[in-house]
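A.B. asks: I'd like to ask some things about the structure below.
Since every read-out is calculated from the coordinates, none of them should be taken as a lab result. What you see is a predicted model, and the numbers here were worked out from it, not measured in a lab. Here Cβ is always computed from backbone atoms with ideal geometry, including for glycine, and neighbour counts include all displayed protein chains.
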Protein chains: 2
Amino acid sequence: MAPPKLSYFPIKALAEPIRFVLSYAGEEFIDNRIIRDDWPAMKPKTPFGKLPILEIDGKVVTQSTAICRYYAKKSGIAGEDDWENLLIDATVGTIDDLRSAIGAYHYDANEETKVKKYDPLVKETIPFYMERLEKQVEENGGYFVNGKLTWADLWFVGLLDYLNSMAKFDITEKYPSIKALKDKVLAVPAIKGWVAKRPATEF
Amino acid sequence: MAPPKLSYFPIKALAEPIRFVLSYAGEEFIDNRIIRDDWPAMKPKTPFGKLPILEIDGKVVTQSTAICRYYAKKSGIAGEDDWENLLIDATVGTIDDLRSAIGAYHYDANEETKVKKYDPLVKETIPFYMERLEKQVEENGGYFVNGKLTWADLWFVGLLDYLNSMAKFDITEKYPSIKALKDKVLAVPAIKGWVAKRPATEF
């Protein structure tokens, strides 16, 4: 069986949580990085015009969260029961809401409206989410869910460079429990190994 | 055990897929509709300042997709195995991307930039997604995944009035397989029963 082939742009961003989970799962994978010039020709051949996509045994699947959940289950970092999966999924969804909020600033093509979004983002939205996520980690023994490593932790830490880059500062700086969680995830041998060998990119 | 209490604004939108799945699951639930004037006082007391939320046995959970997946699993409209769940989750994520794309137009607070977004949305983005979703339904025996009803179908049909309202036209009009899927979902007795008794709202 050929190893799964993950196609994405030559950045971390939305593919990095998948690369974290695949690495944690011990899955050998092809880390296919598409240069921007090749994307317009490739785009109509993808299922929904977006990356990342993953090819497994000739089938192509989409959506970062769906792919992460699939490999998380295989490698023991999904929930132990339906309720725990609900808590993990809710956390991943909340982190994705935070990503959307930061992205709504970063990807605004209109310079005038973009500039106006930055202050409320940095002074209100990001602290609102981060204070609550910090509290969640405090109350859950240093992880997002039930005192143990789950793919919600890998999702957050995998996205973090992307979130920080879009927000233009380290969004974890005032949150010691989140920072400790980040250090713990990056110290997991499989994650540490991946981070050491991955191509250096800004975000 | 008290029935789960679903809190949302007095509209369909993001809560309607949950109401569909709860109805399909045969779960009695409290359909708590928050009037806009009460929301500012309630918002800081919610986990992440957003609705819908669901209270189950004194615990409060968030995120529409997470809640739908939880009850879908209980009621036999989740996947039969991890691979089928991946296909369902990917479809739900794609439909959510379409929702985000339509929402980026609808919720744009700047009238000038908003107006410019409408043509590309209606002429390019929506057809791009809908043509591919139509093809997916054609290839999957009239459903989104593997020729049978899953919560991906309920997710789409539950959101449809909201999507149509934001897009200002019926996005399914040119897609006969999607329209047939919509009719099938609305003919499921539990869904039909819910739709007959729910409060009438525009979207």
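A.B. asks: For chain A, with a Gaussian network of springs between Cα atoms less than 10 Å apart, report the residue from A:160, A:186, A:86 with the top mean-square fluctuation.
C.D. replies: Result: A:86 has the largest fluctuation of those listed.
A.B. asks: For region B:128-203, what does the alpha-carbon gyration tensor say about shape, rounded, prolate or oblate, given a ≥ b ≥ c as the root eigenvalues, a/c under 1.5 as rounded, and a/b over b/c as prolate? Kindly include the intermediate steps, with their values, before the conclusion.
C.D. replies: Working: a/c = 2.35, a/b = 1.21, b/c = 1.95.
Oblate is the answer for region B:128-203, as a/c is 1.5 or above yet b/c matches or exceeds a/b.
A.B. asks: With springs only between Cα atoms under 10 Å, which of A:97, A:119, A:183 fluctuates most in a Gaussian network model of chain A?
C.D. replies: A:119
A.B. asks: Compute the distance in nm between two label points, each set 7 Å from the Cα along the Cα-to-Cβ direction, one at residue A:100 and one at residue B:132.
C.D. replies: Going from the residue A:100 label point to the residue B:132 one covers 1.8 nm.
A.B. asks: Sticking with the crude label model, points 7 Å out along Cα→Cβ, report the distance from residue A:196 to residue B:27 in nm, one decimal please.
C.D. replies: 4.5 nm
A.B. asks: Ok, one more. Based on the Cβ-Cβ distance from residue B:112 to residue B:169, what FRET efficiency comes out when R0 is 25 Å, to the nearest 0.05?
C.D. replies: 0.65
A.B. asks: Taking only Cα atoms of region B:82-188, what ratio of Rg to Rh do you get with Rh as the Kirkwood inverse-distance radius?
C.D. replies: Rounded to two decimals, Rg over Rh is 0.99.
A.B. asks: Label points 7 Å out from Cα along the Cβ direction at residue B:9 and residue A:184: separation in nm?
C.D. replies: 3.7 nm
A.B. asks: Let me know the shape class of the protein assembly as shown, please: from the alpha-carbon gyration tensor, a ≥ b ≥ c as square roots of the eigenvalues, rounded when a/c is under 1.5, otherwise prolate if a/b is greater than b/c, or oblate.
C.D. replies: Verdict is rounded for the protein assembly as shown.
A.B. asks: If Lys and Arg each add +1 and Asp and Glu each add -1, what is the summed charge of the other residues whose beta carbon sits under 15 Å from the beta carbon of residue B:3? Write down the numbers at each step before the final one.
C.D. replies: Values: positive: B:5, B:19, B:59, B:74; negative: B:27, B:28, B:31, B:55, B:57.
That works out to -1.
A.B. asks: Which GluC sites (Glu not before Pro) does region B:23-63 hold that lie in a coil by DSSP with at most 11 other beta carbons within 10 Å? Don't skip to the end; give the middle numbers.
C.D. replies: Numbers: sites: B:27, B:28, B:55; in loops: B:27, B:28.
Of the GluC sites (Glu not before Pro), the ones in loops of region B:23-63 whose Cβ has at most 11 other Cβ atoms within 10 Å are B:28.
A.B. asks: If you don't mind, there's one more thing I want to ask. Given 5 Å bins starting at zero, what is the percent of C-alpha pairs of chain B in each, up to the one with the largest pair distance?
C.D. replies: The calculated distribution, bin by bin, is 1, 7, 15, 19, 19, 17, 12, 7, 3, 0, 0.
A.B. asks: Just rank A:54, A:87, fewest to most, by other beta-carbon atoms within 10 angstrom.
C.D. replies: Numbers: A:54 28, A:87 23.
Fewest-to-most Cβ neighbours within 10 Å comes out as A:87, A:54.
A.B. asks: Tell me, how many Å apart are the Cα centres for region A:159-203 and for region A:13-38?
C.D. replies: Region A:159-203 and region A:13-38 have Cα centres spaced 16 Å from each other.
A.B. asks: Follow-up question, since we're still on this one. Between residue A:148 and residue A:57, how high is the FRET efficiency from 1/(1 + (r/R0)^6) when r is the Cβ-Cβ distance and R₀ = 35 Å? Nearest 0.05. The partial results should precede the final answer.
C.D. replies: Details: r = 31 Å, r/R0 = 0.89.
It comes to 0.65.
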